[in-house]
Amino acid sequence: MLFKKKSEEERFAEELAKELERQAKEMEKNLTPEARERLKLMQKSPAWRAAEERIAKGEIKLFWRKIGDDLYIVARDTMKNFPFKRHNDYLLLPSGLDDYMHSHPPLDIDWIQTNADTWKPRPLASFRWLDEPITLTGYDEYNIAPYRCLIEARDGRRFLARALECMLLELANGTRTAYDIARTAAACYADDLWRRGLAEAVQKGEISKEEAKKALDELPQRAFIGLAILRALGLMI
């Protein structure tokens, strides 16, 4: 009987699956009930299942990273053949706020983090804030997200985008560094998020103070991912 020889990507994907399963079991011991429920939703998401196929095709590249004495596997999306979602005539812009992109940021994220203090982004697209947000299911498939602006690239591509990426594009004028832009956008978004319902959710006990703090503390990194998305898609240079 002949067996098909597995590609390097397929072998790495299997190795990744085993390592992630080990890490998931270890992390699950310390999860809150809310976080455990979120993990279940993620595992059922079509976007996360489709990621396995994209890894095999090389559209998501995997790398080992050593931090201290520990080895970690990181995933980077090449954005090649990215499975964009649509709303009418618009593509939905992936966002650093999506858990999916938080785990599979574009390859550009490493360059941006290395050059955050010197790179001064400039927009290659125009944008317009919406009077009312359009609420849609984002790339996580399980979160309902508000899309707050329209972005049009110079080549005619049109996107619906979430507030964080709109803020990043608005701040990018060629005079401010990526670090400053990400920090400012994260602070503005955190303030907006707090006023729009996070404070009330904490007060009602719907989310713990620790979970709220963690969500706010992650915003600077998610802003960097937003910059990487905009750069990878040719909306920023």
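Side notes on the structure shown:
- Subtracting the Cα-Cα distance of GLN221 and ASP89 from 0.36 nm times their residue separation leaves 44.5 nm of extension gain.
- At most 16 other Cβ within 10 Å, DSSP loop - GluC sites (Glu not before Pro), the range 108-209: GLU206
- Among the trypsin sites (Lys or Arg not before Pro) within the range 151-236, those in coil by DSSP and having at most 13 neighbouring Cβ atoms inside 10 Å are ARG154, LYS204.
- Spin-label zone in the range 113-153 - amide nitrogen under 17 Å from a point set 7 Å from the Cα of THR175 along the C-beta vector: 119-123
- Rounded to whole Hz, the Karplus (6.51, -1.76, 1.60) HN-Hα couplings of the range 219-234, x for glycine and proline: 4, x, 5, 5, 5, 4, 5, x, 4, 5, 5, 4, 5, 4, 8, x
- Ligands, DNA and RNA left out, the accessible area of the range 88-225 computed with a 1.4 Å probe is 48% carbon and sulfur.
- Accessible area of THR78 in the full protein assembly, 1.4 Å probe (Å², nearest 10): 40 Å²
- Additional length obtainable on full extension of the chain from LEU136 to ARG11, 0.36 nm per residue less Cα span: 41.4 nm
- Summed over the residues of the range 132-237 and divided among them, the accessible surface reaches 47 Å² per residue at a probe radius of 1.4 Å.
- Pairs spanning more than 27 Å between alpha-carbon atoms, out of LYS18/LYS57; LYS85/LYS213; LYS61/LYS213: LYS85/LYS213; LYS61/LYS213.
- In order along the range 193-205, the Karplus-derived 3J(HN,Hα) couplings, from 6.51 cos²θ - 1.76 cosθ + 1.60 at θ = phi - 60°, round to 4, 5, 6, 7, x, 5, 4, 5, 5, 5, 4, 7, x Hz, and Gly and Pro are given as x.
- Net charge of Cβ neighbours under 12 Å - reference PRO220; Lys, Arg +1; Asp, Glu -1: -1
- Full-stretch length increase - ASP117, ALA50 - with 0.36 nm per residue and alpha-carbon distance subtracted: 20.6 nm
- Model label sites at ALA201 and ILE144, defined 7 Å from Cα along the beta-carbon direction, differ in position by 1.3 nm.
The values are calculated or read from the model by the stated rules, or taken from the named source; none is laboratory data. Please read all numbers here as calculations on a predicted model, not as lab measurements. Methodologically, a virtual Cβ is constructed for each residue, glycine included, from the backbone with ideal geometry; neighbour enumeration extends over all protein chains shown. These area figures cover heavy atoms from the full protein model, side chains too; ligands, DNA and RNA do not enter into them. Shrake-Rupley method; radii C 1.70, N 1.55, O 1.52, S 1.80 Å.
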